[in-house]
Amino acid sequence: MLMENIFTQLPEIFSTTLWTILKIMAIVIPLMISVAYLTYFERRVIGFMQGRLGPNRVGYFGLLQPIADALKLMFKEIIHPTKSNNFLFLLAPVLTIAPAFAAWAVIPFDAELVLSDINAGLLYVLAMTSIAVYGVIIAGWASNSKYAFLGSLRSAAQIVSYEIAMGFTLVGVLMCANSLNLGEIVIGQSGGILQWYIWPLFPLFIIYFISAVAETNRAPFDVAEGESEIVAGFHVEYSGMAFAVFFLAEYANMILVSMLAALMFLGGWLSPFDFFPDGIVWLLLKVAFLLFFFLWFRATFPRYRYDQIMRLGWKIFIPITIFWIIFVGFMMQTPYREMFH
Amino acid sequence: MDNFCWVYDANTISGDVSLKNMFKKIKHYLKSLTLYELIIGLGLTGRYFFSKKITIQYPEERTPQSPRFRGLHALRRYPNGEERCIACKLCEAVCPAMAITIKSEMREDNTRRTTQYDIDLTKCIFCGFCEESCPVDSIVETRILDYHGEERGDLVYTKEMLLKVGDKYEDQIAKDRKEEESYR
């Protein structure tokens with residue numbers, strides 16, 4: 001009631017702005033909490049896979065650990081390296097986290113639950129995830145440190161290469177869905193688990209997911225921070241909250257690419273079987289499932305060598321995706337076209 | 001020449017395209033494209049995810065200790081309350097880190113006793129030579145491993161402190177000595 005009164009009394013421009021900000025908060029705050037707990041689960045899961053327990057001291061089962069970590073980072077000093085470019089040094093974390101959050105504007109959580117239902121949603125997401133590389137490059141350059149600079153160079157080359165393969169896998173999805181709108185892509189997959197695009201586009205799904213791991217600079221593609229060679233890569237010189245923001249962006253990006261994979265290949269909020277109702281629960285379950293793989297990969301694979309990463313991206317993924325796109329286009333002209341819609 | 005070879009053998013490098021070699025290549029391609037080895041690796045870590053965890057949660061759980069464990073030092077007494085140490089200074093002499101300082105004088109009953117017996121635990125390397133050299137089993141190393149000092153000098157243990165440790169843990173110390181008796 002009170003809310004309604006406020007909205008009717010204000011001029012329209014204010015009420016829509018306020019309403020939009022509230023909606024943005026409703027996405028960003030749960031996202032921040034998921035990021036915090038993703039770090040907790042990462043430490044627990046990797047610990048379990050290494051025969052350890054992981055953090056279990058702060059709160060029941062260590063559940064307050066991420067909060068303790070956040071508090072610690074907030075009270076730490078942000079050190080500015082001498083001769084670093086102060087403005088760019090502080091701008092870099094902002095440039096990293098802003099696109100990571102901005103991309104969430106077009107993610108449909110449910111048939112109705114979407115902040116802005118734009119037609120070129122997929123393009124928007126691709127654009128936003130590409131901008132994130134600027135944060136890394138600027139961080140590496142502004143730090144005035146050779147390790148940071150090497151890290152940012154590696155990261156830039158890697159993200160740019162894998163973006164191509166990733167873009168091509170999305171072309172396959174577009175051909176199946178006939179739409180760039182994420183909501184319509186999901187609705188195109190309705191009718192049970194067999195209608196999901198993962199089946200006709202299985203190689204593309206695998207390549208998308210591996211590219212997503214590379215795109216977010218996660219193990220085994222984490223040469224950008226390769227602690228054994230270049231200390232901590234582009235964020236060596238960062239401490240305190242500035243470092244935390246980089247961390248936040250990395251995990252927000254992980255959740256984002258898992259969310260996109262769930263939407264485009266695994267039917268988003270649609271339930272796998274007809275007798276269960278559709279809903280956001282399914283989407284969250286699929287995202288959690290994919291995120292587990294990120295942690296699993298990190299616990300399993302050793303880091304790729306730099307030239308191996310480049311070879312995988314350019315000489316293997318791009319040819320395979322192009323081949324499969326042509327194959328899908330060819331199949332669409334045959335009587336089997338129903339399989340690809 | 002391409003610096004990457006799909007199959008590392010002499011035939012590939014010499015450019016031989018025999019049938020056997022081709023099968024090898026095809027097998028290799030299939031193995032890579034199905035991510036065969038990566039899946040094996042994931043299976044291994046996946047199994048470990050459910051394995052028994054070997055972490056010992058320290059303050060609540062402890063690893064088993066040997067009766068020969070060499071931890072914090074203690075000075076022992078005889079059952080009648082008389083201190084064992086006779087100030088022979090063998091421990092002081094044998095100590096490789098020179099962590100022991102002893103001063104002695106004659107007591108009223110004409111026996112030689114220490115007036116000062118300090119062990120600087122910041123110097124001590126816990127070799128156990130002092131215990132081995134002691135003819136009366138006075139200086140011993142106990143099983144205590146978690147002690148600390150809060151200020152500079154807190155870890156220089158005096159005679160009183162060492163005797164106190166001995167009094168407190170005498171039961172355990174005596175039990176451990178008894179157990180090891182036949183090997184000494």
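Every number in this text was worked out from the coordinates using simple rules, so none of it is lab data. Keep in mind that this is a model prediction, so the values were computed, not measured. All Cβ positions, glycine included, derive from the backbone under ideal geometry; neighbour counts span all protein chains shown.
Listing for the model above:
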read-out	value
Sorted by Cβ density within 10 Å, fewest first, the residues A:M128, B:M22	B:M22, A:M128
Inter-centroid distance (Cα atoms) of segment A:184-224 relative to segment B:104-161, Å	68 Å
Exposure proxy order (Cβ contacts within 10 Å, fewest to most) of B:C95, B:C127	B:C127, B:C95
Rg [Å, one decimal], Dmax [Å, integer] - segment A:211-288, C-alpha atoms	16.7, 54
Mean Cα-pair separation over length for segment A:183-256, i.e. relative contact order, pairs under 8 Å, 6 or more apart, %	18 percent
Acute angle (nearest 10 degrees) that the helix B:170-180 long axis makes with the longest principal axis of chain B, alpha-carbon atoms	60 degrees
B:A93 versus A:S228: modelled label distance in nm, points set 7 Å from Cα along the beta carbon direction	5.3 nm
Sorted by Cβ neighbour density within 10 Å, fewest at the top, the residues A:S239, A:S258, B:S182	B:S182, A:S239, A:S258
Among A:W269, A:W141, A:W314, residue whose mean-square fluctuation peaks in a GNM of chain A (springs only between Cα atoms under 10 Å)	A:W314
Distance between modelled label sites at A:A127 and B:D167, nm, 7 Å Cα→Cβ extension	8.2 nm
Test item: A:43-52 mean partner chain Cβ contacts at 10 Å	4
Spacing of the two label points (7 Å from each Cα toward its C-beta) at A:K83 and B:D137, in nm	6.9 nm
Links that overshoot a 32 Å alpha carbon limit, given the list A:K23/A:K83; B:K53/B:K159; A:K286/B:K31; B:K27/B:K53	A:K23/A:K83; B:K53/B:K159; B:K27/B:K53
Computed E for A:W199/B:H28 - FRET, C-beta separation, R0 22 angstrom, nearest 0.05	0.20
Shape category assigned to chain A from the gyration tensor of Cα positions, a/c cut at 1.5	oblate
Shape box of segment A:1-111 [Cα atoms, principal axes, largest first, Å]	58, 44, 27
Gap separating the Cα centres of segment A:31-65 and segment A:120-146, nearest whole Å	28 Å
Nearest-0.05 FRET efficiency for B:L121 and B:Q65, computed from C-beta distance (R0 25 Å)	0.85
Label-zone membership for segment B:120-150, site B:T101, 7 angstrom Cα→C-beta point, backbone N under 16 Å	B:120-124
q = 0.23, 0.24 Å⁻¹, segment A:271-333: log10 I(q)/I(0) [Debye, one scatterer per Cα]	-0.91, -0.92
Theoretical ellipticity at 222 nm over chain B - DSSP helices of four or more residues, -39500 (n - 2.57) apiece, nearest 500	-10000 deg cm²/dmol
CD proxy at 222 nm, helix term only [per DSSP H run n ≥ 4: -39500 (n - 2.57); per residue of chain A; nearest 500]	-21500 deg cm²/dmol
Listed residues B:A87, B:L42, B:I102: farthest to the positive end of the dipole of segment B:11-140 (Cβ charges)	B:L42
Averaged over A:307-317, number of beta-carbon atoms from partner chains that fall within 10 Å	1
Global geometry of segment B:89-184, whether rounded, prolate or oblate, following the gyration tensor of its Cα atoms and the 1.5 cut on a/c	rounded
Size descriptor, Kirkwood hydrodynamic radius, that averages inverse alpha-carbon separations across segment A:227-271, Å	12.6 Å
Relative contact order (%) - criterion: Cα under 8 Å, at least six apart; region: chain B	22 percent
Between 0 and 90°, nearest 10: helix B:36-49 axis offset from chain B longest Cα axis	30 degrees
Cα gyration tensor, segment A:145-189 - rounded (a/c under 1.5), prolate or oblate	prolate
Cα lying deepest toward the dipole's positive end in the protein assembly as shown, options A:F14, A:S34, A:P81, charges on Cβ	A:P81
